[in-house]
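Right, one structure below, let's go through it.
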Amino acid sequence: MSVLEAEGKALESLGWEDLVALKRKVAGDLKGVTDRLVDIDRNQFHAIVTAIKAQKTALDSITERMKQVKTEVDKHNSDLLSVSEKISQAKNFLSMMEARLPTEKEEELQAIVASNQALIDSKQYRGEREKGEILSRVKEASMKMEAIKATRMIKDQYAMLAQQSADIGNAVKVLNDERDTMRVRMAEINLEMDKLYDAKRKLAAERNLRLAEYEDIVKRFDAINARLDEMSAMRKRQREEYGYNLPSDALFKVKETARKKLESGSKLSLDELRLLYSEKD
């Protein structure tokens, strides 16, 4: 015997009031399942889908920023390589020049140039030979001054390049830190999306269960209504044949007992047979 047939047999044993009470209960169950299905379709599914879209948007934004960061880091690394080459060249130049720097201070050399140039300008020399010696001293002091100036200029450039290298290194560090933070955030988003997809799958499974439950309840509800309709028709015939003197459902219950005895093969009385066949007529 199927579950539906068993429930049908159970309904046959209930009276009108019990069936009405059962109908109310089943109607409540039907409303509860219907409300849950509506909540799943309109609210929970919508909320999960909206959350997934938001996470995807955030993930796309981070992915795009990751590409930008990579481009910026590559450019900084290229700039850093160029600056490093210039720093190396400046170091080599300073290493060479510092070994050749004069022992005199720049101020002393300026004084030598000024005093000897003054001799030339005022023609305070005896002959071309002495003039040449004075000019040689001016030239030598001037060359030493140029060497000092060139060394100072390269040192300034070296300091500037070193600062530029440090700035680029700091910029790369900031970008790498940002990239690390974005990677952590991407992992969090992927984990959150896994949870959302899992929740969506579970919600879909629950929806299928609720639909099956809904169909079962509808079948029960229809069976109860059918039984109530059957009893209502029989009660109408009872009133037409016997008036309102019999207790409610009394004749119906007698006929039900007779029908069950007939189905089981038990012997029926003449009155029971008459009731059954009069019902069929």
The stretch 3-246: relative contact order in percent, alpha carbon pairs under 8 Å with at least 6 residues between: 41 percent
Selection from LEU211, ALA171, ASN225, by position along the positive dipole direction of the stretch 3-246 (Cβ): ALA171
Lys, Arg +1 and Asp, Glu -1 on Cβ, resulting dipole of the stretch 9-162 about Cα centre, debye, nearest 20: 160 debye
Rounded Å value of the spacing that divides the Cα centres of the stretch 191-229 and the stretch 156-173: 67 Å
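How big is the charge dipole of the stretch 189-235 about its Cα centre, in debye rounded to the nearest 20, if each Lys and Arg gets +1 on its Cβ and each Asp and Glu gets -1 on its Cβ?
Taking the Cα centre of the stretch 189-235 as origin, the dipole is about 40 debye.
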Among ILE112, ILE62, GLN89 - extreme Cα towards positive end, dipole of the stretch 42-180, charges at beta-carbon: ILE62
LEU30 paired with MET97, simple spin-label distance in nm, labels 7 Å along Cα-to-beta-carbon: 9.9 nm
log₁₀ of I(q)/I(0) at q = 0.31 Å⁻¹ - the stretch 108-148, Debye sum with one point per alpha carbon: -1.00
Pairs from LYS56/LYS202; LYS131/LYS155; LYS195/LYS219 whose Cα-Cα separation, in the structure shown, is over 25 Å: LYS131/LYS155; LYS195/LYS219
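Since every read-out is calculated from the coordinates, none of them should be taken as a lab result. Given the structure is predicted, the values throughout are model-derived calculations rather than measurements. Glycine also receives a Cβ, built like all others from the backbone with ideal geometry; neighbour counts cover every protein chain displayed.
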